[in-house]
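Quick note: the coordinates plus some simple rules give every number you see, no bench work behind them. Everything numeric in this text was worked out from a predicted model, so none of it was measured. Every residue, glycine as well, gets a Cβ built from its backbone with ideal geometry; the counts of neighbours run over all protein chains shown.
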C-alpha cells in the first residue's frame with residue numbers, strides 16, 4: 001500500500017478514521033447472552049433439516065455407491 | 001478501475017465548488033457528500049486552522065477506540081459455549097467422501113456450487129476453469145483463461161454463467177452455452193478491473209451484479225452488463241483475501257477479510273464500513289465467530305494440536321457445524337455452539353484451498369492443492385443400521 005506523506009492527506013486520513021470510529025461507537029449492541037440464545041434457537045430449529053448433521057436416508061442419496069445389479 | 005489510491009466513485013459537479021470532476025464520496029457529520037479532491041484538501045487545511053491538528057485527531061481516534069472496547073466489553077456477560085452447555089452434543093457424524101473430481105493439471109484454488117445443487121465450477125493454477133456435474137463426474141465445460149492462478153470463481157444464481165479471475169486483475173463472466181462445441185472463451189465479458197490480483201468474486205442475488213475483492217485492498221460492486229463500477233469499498237489497509245454475502249434475500253451487507261487481520265462488514269448501497277472486527281493475532285490458524293448484533297467475538301475454534309493455518313470455511317445448513325479447510329491437508333468439523341471439534345475429514349494430499357457446503361446442505365465440497373476436488377456427504381442412518389445387522 002502506498003503511503004502518502006503530504007500532511008493534509010494525513011489529516012484527511014485521520015479525520016476519516018475518527019469519522020469511522022464515531023459511527024462504529026454509535027451502533028446499537030445487544031448482550032452476548034441474548035445473542036447466544038438466539039444462535040442456539042436458530043441451530044435447534046434448523047438442525048432437524050440439516051443433512052450433514054443428521055444424515056439422509058440412503059434412498060435419497062444420489063451419491064451412494066452403486067451396487068452391481070443382477071438380472072434374475 | 002478500483003484502487004486503494006483512487007477514491008473517486010462518481011463523476012459530476014462538486015457539492016462545494018460546482019466544477020465537474022471525479023468526486024470523492026465522504027461523510028461530513030454523517031451526511032454523505034460529494035466533493036472534488038481539491039475541495040477535500042482545502043477542507044483538510046481549514047480543519048487545521050480551526051485548531052484541529054493531526055495530534056488532536058489521533059487523540060480522538062485513540063479515545064474512541066477505547067470507548068468502543070469498553071462498550072463491547074460491557075455486553076460480554078457470558079461465553080457462547082457456557083450458554084450452549086445445556087443443548088445436546090452433536091451425535092457422531094458419518095460424513096464420507098463420495099466423489100473425487102480429477103482433471104485439473106495443477107492446484108485447485110477455488111470452487112463454487114451451482115444453485116441446482118449438483119453442478120460446480122472450479123478454477124486452478126493451470127489457468128483452467130472447469131464446470132463439473134457432481135453426480136456423474138462429467139466435465140461439462142472447460143474454459144482456458146489467459147492467466148495462471150485463477151484464484152476466484154463463482155456460479156451465477158441462474159446457472160447460466162460463471163465468473164472467474166485471478167492474476168489478470170480482472171473478473172470475467174462467461175455465459176454457459178448448452179452447445180458443447182461452442183467456444184466459451186470467445187463470449188467472455190470483462191466486468192471488473194482492479195489494480196492487483198482478484199482474490200474473490202461472487203454474484204449478488206441476481207446475474208446482474210458481481211461483488212469482487214482484490215489484492216489492491218478494496219472490494220467493489222460491478223454491473224455485469226455494462227462493466228460499470230457501482231460501488232467501491234475502501235477501508236482495508238492490506239490485501240483483501242475473501243468475501244461473503246449476507247444470506248438474506250433482501251439483505252445488502254457483506255463481509256470481507258483481509259491481510260490486515262480485520263473482518264469488515266459493509267453496506268452495499270452506501271459503501272460504508274458498518275462494523276469491523278480485529279481480534280485475529282497472526283496468520284489465521286484458528287477460526288473466530290463474531291456476532292454482529294453483539295458486535296464482538298463470541299467463540300474461538302482452535303486446538304493446540306492444530307498448528308497449520310485455515311484457508312477457508314463454511315457453515316452447514318443449520319449453522320451448527322463449521323467446516324474448516326486447513327493447510328495440514330485436513331478438514332476439521334467444529335461444533336459452532338459448544339466450540340469443540342466434532343470430526344475430521346481426510347483424503348486430500350495437499351493443503352485444502354476452498355471448502356463450500358452445497359446450497360441444499362447435503363454435501364460439502366473441498367478443493368485442494370493436490371489438483372482434486374472431493375465431495376463429501378453424510379451416510380444415511382438406515383444404511384448404517386443395515387450394515388451393523390449384517391456383521
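For this structure, a couple of remarks:
- Relative to the longest principal axis of the Cα atoms of chain B, the long axis of helix B:54-74 makes an angle of roughly 40 degrees.
- Acute angle (nearest 10 degrees) that the helix B:37-49 long axis makes with the longest principal axis of chain B, alpha-carbon atoms: 60 degrees
- Taking all Cα pairs closer than 8 Å and separated by 6 or more residues, the relative contact order of chain B comes to 13 percent.
- 222 nm mean residue ellipticity, helices alone, for chain B (DSSP H n ≥ 4; -39,500 (n - 2.57); rounded to 500): -4000 deg cm²/dmol
- Sequence ranges B:323-329, B:143-149, ranked by mean other-Cβ count within 10 angstrom, highest first: B:323-329, B:143-149
- Cα-based shape type of segment A:8-60, given that a ≥ b ≥ c are square roots of the gyration tensor eigenvalues and the cut on a/c is 1.5: oblate
- Here the Gaussian network model covers chain B, with springs between Cα atoms less than 10 Å apart; of B:281, B:225, B:88, B:88 fluctuates the most.
- Between helix B:381-390 and chain B there is an angle of about 30 degrees, using the helix long axis and the longest principal axis of the Cα atoms.
- Whether chain B is rounded, prolate or oblate, judged on the alpha carbon gyration tensor where a/c under 1.5 counts as rounded: oblate
- Segment A:6-47 and segment B:240-307 have Cα centres spaced 11 Å apart.
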